[in-house]
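Notes follow the structure.
The values are calculated or read from the model by the stated rules, or taken from the named source; none is laboratory data. None of the values given here were measured: they were computed from a predicted structure. Using ideal geometry, Cβ is built from the backbone for each residue, glycine included, and neighbour counts are taken over all protein chains shown.
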Amino acid sequence: MSTEALTLTDVTVDLGRQRILDGIRLDVAPGSFTCLLGPSGCGKTTLLRAIAGFTPLRGGEIRLGSRTLTHLPPEKRETAMVFQSYALWPHMSVAENLGYPLKLRGVARAERARKVAKTLERLELAGFEERAVTELSGGQRQRIALGRALIIDPPLLLLDEPLSNLDAAIRRSLRSELRRLQKSLGITTIMVTHDQEEALQMADQIVLMRSGKMVQVAAPQALYEQPADLGAARFLGVDNTVTRHAQDPVVASQAVTFGFRTRDARINEPVRPAALTRKGRVIECVYTGDGYHVSIDTVDAELFATSATSVAPGTFAVLQVPESALIPFGPDDRHLPPLDRHEDIA
Amino acid sequence: MTTSFSHAPSLPIPGRRLPRISLGLLLVLPALTAITLLYALPLIRSLVTAFRDGSGAWTTEHVVRAFSLYGRDMLFSLGVVSASLALIAAMSIAIAGYLTLGATPWAVRALRWLYRWPLFIPFVVTGQLARSFLATNGMMNNVLVETGLMASSSAQSFLDWRGLVLTFAWKQIPFVTLLLAGAMAAVEQSHIEAARNAGAGRLRCLFQIVLPQAAPTLWVGLILSLVAMLSVLSVPMMLISGNPTMMTSMMAHRITYYGDYGIANALGLFSYALTAVTAWFYLRLTLRREATR
C-alpha cells in the first residue's frame, strides 16, 4: 500500500461537557514525519487516538488520501498504531504477534512465516519467532510492536510516545533508527511526544499543542527560533523573560518582553555592543558538566545564565545576551515576526 | 573479619528456636483441626465405607452394585452436567464479552445491573421458580400459548433433563460471568485496541485476544460450577420425579430409605472421580501456562 496524505479539518472532541480538542486543522504531507508535541493533558494523545478511531469526534473530518476515515471503526481504518505500553499480546509468541495482522487479512500460513522472518531480520531480531513476548527486553518489545504495525505496509503510522518507557541510551539510538526506517519506507508518520528534544531531532513538522488547541505548526528550526507565544517559548526551553528597557537593543519596535535561553546568556564577560544586559546578585551557582548554571536575582525577575567559571553566591554579576538570541514578544505575549525586525533596521 | 562480627547477632540461639515453632503451630492448629476433622476424616471414612461390607470385611460389591443399579443415573448426571457447563460457558462468555467490548454504554450498564440477580437466589428457591416456570401449565407455556406462538395442545413439560440444564445454567451463569467479567476487565485496554487497530472486529477481539487471556478464570468458574451442580440435592428433587435422575438424589434416596451408606458412598466415589478429573485437567493447563511464561 502506498503512503498517503492525512488531512484533519476542524477536528473537535468532547469528553462529557469538557472540550478536549478544539477545531484542529492539519495537513500532513505524504511520507513526512510529524510530531504532536505538548505538555501532559494538551490533547495530543487524544488527537492520535481520534485518527486511529478510538475517540469519537464531536465534529470535523479526518481524511487519508481520498478516503474519509471519520465514521469508520478502528479495524477498517488501516492505520498502524504503536502503543506506549507496546500492547504485545502475552498469550502469543513473537511470530504470532507479528503475524496476527496478516492472519486477519487472510494471508496463507507459509507467506505469513516468510514475512515475519523478513520483518524480524529488518528489526535485527532474526530467529526470535518462537520466543514469548514476556521474555523480551523493553527495546526488543518496542521493535516487535513497530514490526507488527509495519508488517501490513500501512498508509499511515501512528506512534504514541513509543520511546518514553525506555532508558536514555536506548532511546537515543532508537530515535535515529526509527527515523531511518521511516525514511527508507517513506511512510507518513505521526508521533506523539512530550519530549521537545525528541520532536526537534525527528520531525519534519512539529505541531505544538496546548489545552486542546494547536498553538503552532512549523518545521523544527522555525519552532525553536520563533515560538508563537510566550507559553510556547517556555515549553521549548526559553526559561528567561525580561521586560524591555529603553537601553535594550531594538529587535522589534513593539517588543514589550524578551525571552532568551539560559545557554545564550553569559555571565561576567566583556560586554559587547547591541547586547541585552542585566545586573543582579548571584543566588546560586551549580556545576552542570560543561560549565556552571548561575541564578541571578535582578530587580525584575530571577534569571538564569551560564558561566565557564564558578561565581560566588552573594556577589554582583552582569548578565548579557546577544541580540541574535533575543526572542521578542508583543503586548499580547505573541511572538513578533522577524519582518518587524527588518523594518526597524531599515 | 568484620562480616563475621556483623553476622554474629543473627545466629540462632538453640534455646530460643523452640517457642517460635510452637507459636507458629498454635496459629495453624485451628485451621488444621477443622480441615482434618470436618473434611479429611469424613472423606476418608466415606471412601473406606464404600469398600466395606456389613461385617467390616473389604469388598467391591457396593461399587459393582452402584454401577449396575445406578449406571444410567451416572450417565444422566454426566450428560446434564456437561450440557449445563457448555451452556454456562457459552452464555457467560457472551455476557462478559459484551460487558467488556460492548459499544452501547446504556446497554452495558443495564446488563451489568441485571445479570447478577440470580446470584442472590438460593438453589432451593431456584428449583421452585423453575418448577412453576417450566411445568406443562407453567408460565413459559402459558406465555407461549397466550401470545399465539404455540398451540396449547403441543405444550409439554420441561421438568426433565432440559429443566435441570436450564435451572443449573440460570443459577450458575451469573457466578461464572462475575468471575470472567472481572478477568476480562483486567486485560489491558491497549491489547484490545492494538487488535482492533490491526484489523480485528469485536468478535475476533473477544475470541482471539480477550478470552485466551481470561481463560484460566473461566476454567476455575466452570470447575466450581461442576462441584456445585454435583452437590445440589434440592433442584433434582424438585424438578425430576422418577428415573433417571442426578446422583445426589439417588444417594439421598439410598440413605433415607435403606440406610445403605455403602452404596451411597460408592456413588459418591463417582462424584469425586469426576471432580478429580477436572481438577487434574485444570492443574495441567495452569502448569503448562506457567511453564511458557
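A quick yes/no check of all residues on (1) of a type outside the set (Val, Ile, Thr); (2) in contact (Cβ under 8 Å) with a residue 40 or more places away in the chain; (3) closer than 21 Å to residue A:260 by Cα:
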site: A:182; (1), (2), (3): yes, yes, no
site: A:190; (1), (2), (3): no, yes, no
site: A:196; (1), (2), (3): yes, yes, yes
site: A:205; (1), (2), (3): yes, yes, no
site: A:211; (1), (2), (3): yes, yes, no
site: A:214; (1), (2), (3): yes, yes, no
* Mind listing just one residue for me: the one in the stretch A:123-157 that is small (Gly, Ala, Ser) and in a helix (DSSP H, G or I) and, of those, farthest from the other protein chains (Cβ to nearest Cβ)? => A:139
* Asked: residue A:77 is checked against (1) crowded, with 20+ Cβ neighbours inside 10 Å; (2) without any contact (Cβ under 8 Å) to a residue 24 or more places away in the chain; (3) of a type in the set (D, E, K, R) and fails just one. What number does that condition carry?
  -> (2)
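With closer than 30 Å to residue A:207 by Cβ and surrounded by 17 or more Cβ atoms within 10 Å (Cβ to Cβ) as the only criterion, which of A:294, A:242, A:311 stands out?
Values: A:294 fails: closer than 30 Å to residue A:207 by Cβ; A:311 fails: closer than 30 Å to residue A:207 by Cβ.
Unique residue meeting the criteria: A:242.
Taking the stretch B:245-269 on its own, how many of its residues are aromatic (Phe, Trp, Tyr) and touching a residue at least 40 places away in the same chain (Cβ under 8 Å)?
Adding up the residues that qualify gives 1.
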* Name the residues in the stretch A:101-131 that are among the small types (Gly, Ala, Ser) and either within 23 Å of residue B:196 (Cβ to Cβ) or not assigned by TED's automatic domain parsing to the domain that holds residue A:78 (or both), would you? -> A:106
* To do: Would you be able to tell me the number of residues in the stretch A:158-186 that are assigned to a loop (DSSP other than H, G, I, E, B) and charged (D, E, K, R)?
  => 2
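Determine whether residue B:64 is surrounded by fewer than 18 Cβ atoms within 10 Å (Cβ to Cβ), over 20 Å from the mean Cα position of the chain (by Cα) and in a helix (DSSP H, G or I). Explain how you work it out, then say what you get.
Numbers: surrounded by fewer than 18 Cβ atoms within 10 Å (Cβ to Cβ): yes; over 20 Å from the mean Cα position of the chain (by Cα): yes; in a helix (DSSP H, G or I): yes.
Taking the combined requirement at face value, the residue satisfies it.
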* **Residues (modelled with pLDDT of 90 or more, farther than 22 Å from residue B:272 by Cβ and not hydrophobic (A, V, I, L, M, F, W, C)) located in the stretch B:19-42** => B:30, B:33
* What is the residue count in the stretch B:23-59 for residues that are more than 25 Å from residue B:260 (Cα to Cα) and either of a type in the set (A, V, I, L, M, F, W, C) or in contact with a Ser or Thr (Cβ under 8 Å, 6 or more places away or on another chain) (or both)? -> 10
* Output for the stretch A:307-340, where each listed residue is more than 27 Å from the chain's Cα centre (by Cα), more than 21 Å from residue A:282 (Cβ to Cβ) and part of a loop (DSSP other than H, G, I, E, B) -> A:331
* Asked: So which residues in the stretch B:165-197 are surrounded by 22 or more Cβ atoms within 10 Å (Cβ to Cβ), among the charged types (D, E, K, R) and more than 29 Å from residue B:81 (Cβ to Cβ), if there are any at all?
  -> B:196
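Scanning for something outside any helix (DSSP H, G or I) and either among the acidic types (Asp, Glu) or surrounded by fewer than 19 Cβ atoms within 10 Å (Cβ to Cβ) (or both), does the stretch B:91-101 turn up at least one residue? Spell out how you get there, then give the answer.
In the first step, residues of the stretch B:91-101 are kept if they are outside any helix (DSSP H, G or I); the result is none.
Scanning the stretch B:91-101 turns up no residue that is outside any helix (DSSP H, G or I) and either among the acidic types (Asp, Glu) or surrounded by fewer than 19 Cβ atoms within 10 Å (Cβ to Cβ) (or both).
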* **When residues of the stretch B:198-214 are limited to those that are within 7 Å of another protein chain (Cβ to nearest Cβ) and under 18 Å from residue B:186 (Cβ atoms), the one surrounded by the fewest Cβ atoms within 10 Å (Cβ to Cβ)** => B:212
* Asked: Restricting the search to the stretch A:158-172, which residues are of a type in the set (S, T, N, Q) and within 13 Å of chain B (Cβ to nearest Cβ)?
  -> A:165
* To do: With a cut-off of at least 2 residues that are outside the structural domain of residue A:314 (by TED's automatic domain parsing) and within 14 Å of the chain's Cα centre (by Cα), name the strands (runs of 3 or more DSSP E) lying wholly within the stretch A:187-295.
  => A:188-193, A:205-210, A:213-218
* To do: Please enumerate the residues belonging to the stretch A:12-31 that are crowded, with 17+ Cβ neighbours inside 10 Å and without any contact (Cβ under 8 Å) to a residue 12 or more places away in the chain.
  => none
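For (1) modelled with pLDDT of 90 or more; (2) of a type in the set (Gly, Ala, Ser); (3) farther than 15 Å from residue A:34 by Cβ; (4) touching a Cys at 6+ places or on another chain (Cβ under 6 Å), each residue gets a yes or a no:
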residue	(1), (2), (3), (4)
A:103	yes, no, yes, no
A:106	yes, yes, yes, no
A:121	yes, no, yes, no
A:166	no, no, yes, no
A:173	no, yes, yes, no
A:179	yes, no, no, no
A:190	yes, no, no, no
A:196	yes, no, no, no
* Structure fact -> For the stretch B:200-224, pairs from a residue that is farther than 25 Å from residue A:77 by Cβ to a residue that is of a type in the set (Ser, Thr, Tyr) and at pLDDT 95 or above, with Cβ under 8 Å and 6 or more apart or across chains, are B:218/B:92; B:221/B:92
